[in-house]
Amino acid sequence: MNLKTLAEKPERLTGGHRACAGCSAPVVARQVLMAAEHPVVVGCATSCLEVVTTIFPFTAWKVPYIHCAFENVAATISGVETAYRALRKRGELDRDIRFVAFGGDGGTYDIGLQSLSGALERGHRFLYICYDNEGYMNTGIQRSGATPRGAQTTTSPAGKTTPGKTERRKNLTDCVIAHHIPYVAQAVPTLWKDFMTKVQRGLDAPGPAFINVLSPCTLGWGFDPSLTMEIARLAVETCFWPLYEVVDGRYRLTYRPKEKRPFREWMEKQERFRHLFTDANQPLLDQLQAEVDQEWEGLLRQCEDSKEVVE
């Protein structure tokens, strides 16, 4: 995979959509579609990505596309995949087609978790892409199960009584790993080669595959649109969002920072955490750093057990 080859491929998601300047969701979608070597059918949950790319009567998608409700994109794409297998079995279709579902963290971590879990357990062959912007950005920047502790949202406002969201974020990637599916990974759009390689592995997996992609939101997180990719990269360098894959239960770290950066460096670039940087909130900042350290060390132990640690 190289940039020249990718640049020569036809676009499967057009420009001219209505995403915010600096939005990483269309970047994620473009990289997924560019990585795919086969024809694809896309299902997309109600989300920012759906709204900005399919405002009637227009569409930015140049592939077969199904808009689903917030909660059921995994069920929808599993139904399409089942129909495809039935048609092939009857000899009515001989094309090699792949199936991709897109959902935000609201439609994946929370509202669509039951649908996703069922599709994974049944073993349908599809790739689920969660673009995680850590909140319900499409409907007013409300907190979701993916919102980090301490973040300010419209439903977890920071004030005199609470310093933003009080609960820890859900570790959805671990929840998916617990389903024992062939392929699970985390990625960021900044490191495009790492991400697109994982997309290809997910599409070639013999069963369900899932990639959780951190997708910075300039509006909901509060940063200049020019900083989107820098903030995604900094999430990796602070080990808040480690890059790894789990293939048939074996963990493999795909990127290891040369120098682990303090977690506060990532938070300091976002308005949603601005209220935390006071003497009174220092104990909470220490707790947040400790949580990142604990999860990072736990991941390293998993990779060491699999003898798959990047040096």
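Brief remarks on what is shown
- Other-chain or far-sequence residues with amide H under 5 Å of Ala158's (modelled H): Thr153, Gly164
- Sum of side-chain charges, Val199 neighbourhood, beta-carbon under 15 Å (Lys, Arg +1; Asp, Glu -1): +4
- The chain: most fluctuating residue of Ile55, Ile111, Ile66 per GNM, C-alpha cutoff 10 Å: Ile55
- Using the average count of surrounding beta-carbon atoms within 10 Å as a protection proxy, the listed peptides 24-30, 153-159 rank, highest first, as 24-30, 153-159.
- In the elastic network of the chain, a GNM with C-alpha springs shorter than 10 Å, the most mobile of Val73, Val51, Val236 is Val51.
- Residues of type lysines that Lys165 reaches as a straight line, Cα spacing below 28 Å, ignoring anything fewer than 8 places off in the same chain: Lys260, Lys269
- Phi-based couplings in Hz for the range 264-272 (Karplus 6.51, -1.76, 1.60; Gly and Pro marked x): 5, 4, 6, 5, 5, 8, 10, 4, 5
- Gyration tensor over alpha-carbon atoms, the chain, equivalent ellipsoid semi-axes in Å: 32, 22, 18
- Normalising the Debye intensity of the range 1-70 to I(0), with uniform scatterers on Cα atoms only, and taking log10 at q = 0.27 Å⁻¹ returns -1.40.
- Taking other residues whose beta carbon is less than 12 angstrom from the beta carbon of Lys165, and scoring Lys, Arg as +1 and Asp, Glu as -1, yields +4.
- Selected from Ala290, Ala119, Ala235 as most flexible by GNM, with the chain as the system and alpha-carbon contacts under 10 Å: Ala290
- Taking θ as phi - 60° and the Karplus parameters 6.51, -1.76 and 1.60, the scalar couplings of the range 213-226 work out to 10, 5, 10, x, 10, 4, 6, x, 8, x, 8, 5, x, 6 Hz in sequence order, x denoting glycine and proline.
- To the nearest ten degrees, helix 25-35 and the longest principal axis of the Cα atoms of the chain are 40 degrees apart.
- In summary, the lysines within cross-link reach of Lys9, defined as a Cα separation below 23 angstrom excluding same-chain residues under 8 places away, comprise Lys62, Lys193, Lys198.
Rule-based calculations on the coordinates, nothing more; no lab input. What you see is a predicted model; the values in this text were computed from it and never measured. Here the Cβ is made from the backbone with ideal geometry for all residues, glycine too, and neighbour counts use every protein chain on show.
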